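Student: Here it is, the structure in full.
The values are calculated or read from the model by the stated rules, or taken from the named source; none is laboratory data. Every value quoted in this text rests on a predicted model; they were computed, and no experiment measured them. Every residue, glycine as well, gets a Cβ built from its backbone with ideal geometry; the counts of neighbours run over all protein chains shown.
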């Protein structure tokens, strides 16, 4: 719908040569201030996404620490606010370090890498759990199956893998290195 609207407002020729196609469409449709408004909306959306990813990362770290898969210090919760403050601090520190180095795009791409890996693992888990425990009473079943294989999780794996492979070779290398370090850290901490 967005593409159809954009082409109908500006035409494919102008969109093809534009460095900011959505902003140009907004300016054409809403006037000169639309670019500023769209920029402000984009900043809020980006800030919101970054905040949510930081919260999710710190909560995952907290959960792993609570289950003895990460150092115990990250399972500590603030007495008043009930937040995993060490985990939040570590995530914030890593983000600030990347931002200070000027590699915020690396942080964004690594976040995408982790998100796509997470989606692949979750979808694979749905398939494997359906195969391993077929008689379990579940409140929700993914619609559409071929035999015993649910179609949506298979499509989720395919699309996530496609997006993952389009991130670029260096992000894939960095991501794999982080995954290997995480697995080693998990195994070292879990054995204690």
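Student: Of these, 53, 64, which one is modelled with pLDDT of 80 or more and either more than 25 Å from residue 109 (Cα to Cα) or touching a helix residue (DSSP H, G or I) at 6+ places or on another chain (Cβ under 8 Å) (or both)?
Tutor: 64
Student: Between 73, 117, which is in a helix (DSSP H, G or I) and within 21 Å of the chain's Cα centre (by Cα)?
Tutor: None of the other options fit; the residue is 117.
Student: Could you tell me whether any residue of the range 138-148 is touching a strand residue (DSSP E or B) at 6+ places or on another chain (Cβ under 6 Å), in contact (Cβ under 8 Å) with a residue 12 or more places away in the chain and more than 23 Å from residue 49 (Cα to Cα)?
Tutor: Quick first cut of the range 138-148, residues touching a strand residue (DSSP E or B) at 6+ places or on another chain (Cβ under 6 Å) only: 142.
With the extra rule that they be in contact (Cβ under 8 Å) with a residue 12 or more places away in the chain, the set shrinks to 142.
Subsequent filtering for residues that are more than 23 Å from residue 49 (Cα to Cα) retains 142.
Checked against the condition, which is being touching a strand residue (DSSP E or B) at 6+ places or on another chain (Cβ under 6 Å), in contact (Cβ under 8 Å) with a residue 12 or more places away in the chain and more than 23 Å from residue 49 (Cα to Cα), the range 138-148 yields at least one hit.
Student: All but one of (1) farther than 19 Å from residue 153 by Cβ; (2) surrounded by 15 or more Cβ atoms within 10 Å (Cβ to Cβ); (3) touching a helix residue (DSSP H, G or I) at 6+ places or on another chain (Cβ under 6 Å) hold for residue 123, so report the exception by its number.
Tutor: (1)
Student: Here's another thing I want to ask about it. Quick one: is residue 173 surrounded by 10 or more Cβ atoms within 10 Å (Cβ to Cβ), modelled with pLDDT under 85 and either not in a helix (DSSP H, G or I) or not assigned by TED's automatic domain parsing to the domain that holds residue 65 (or both)?
Tutor: Spelling it out, it is not the case that residue 173 is surrounded by 10 or more Cβ atoms within 10 Å (Cβ to Cβ), modelled with pLDDT under 85 and either not in a helix (DSSP H, G or I) or not assigned by TED's automatic domain parsing to the domain that holds residue 65 (or both).
Student: Is it the case, given these coordinates, that residue 164 is surrounded by 15 or more Cβ atoms within 10 Å (Cβ to Cβ), on the phi < 0 side of the Ramachandran plot and within 21 Å of the chain's Cα centre (by Cα)?
Tutor: yes
Student: Need the failing condition index for residue 96 against (1) in a helix (DSSP H, G or I); (2) loosely packed, with under 14 Cβ neighbours inside 10 Å; (3) not assigned by TED's automatic domain parsing to the domain that holds residue 70, just the number.
Tutor: (3)
Student: While we're looking at this one, here's another question. What about residue 127, is it touching a strand residue (DSSP E or B) at 6+ places or on another chain (Cβ under 9 Å) and modelled with pLDDT of 90 or more? Steps first, answer last, please.
Tutor: Numbers: touching a strand residue (DSSP E or B) at 6+ places or on another chain (Cβ under 9 Å): yes; modelled with pLDDT of 90 or more: yes.
Here the answer is yes, as residue 127 does meet what is asked.
Student: So, in the range 47-70, how many residues would count as being in a helix (DSSP H, G or I) and loosely packed, with under 12 Cβ neighbours inside 10 Å?
Tutor: The initial filter retains those residues of the range 47-70 that are in a helix (DSSP H, G or I), namely 47-66.
Still in the list and also loosely packed, with under 12 Cβ neighbours inside 10 Å: 47-48, 51-52.
The number of residues fulfilling the criteria is 4.
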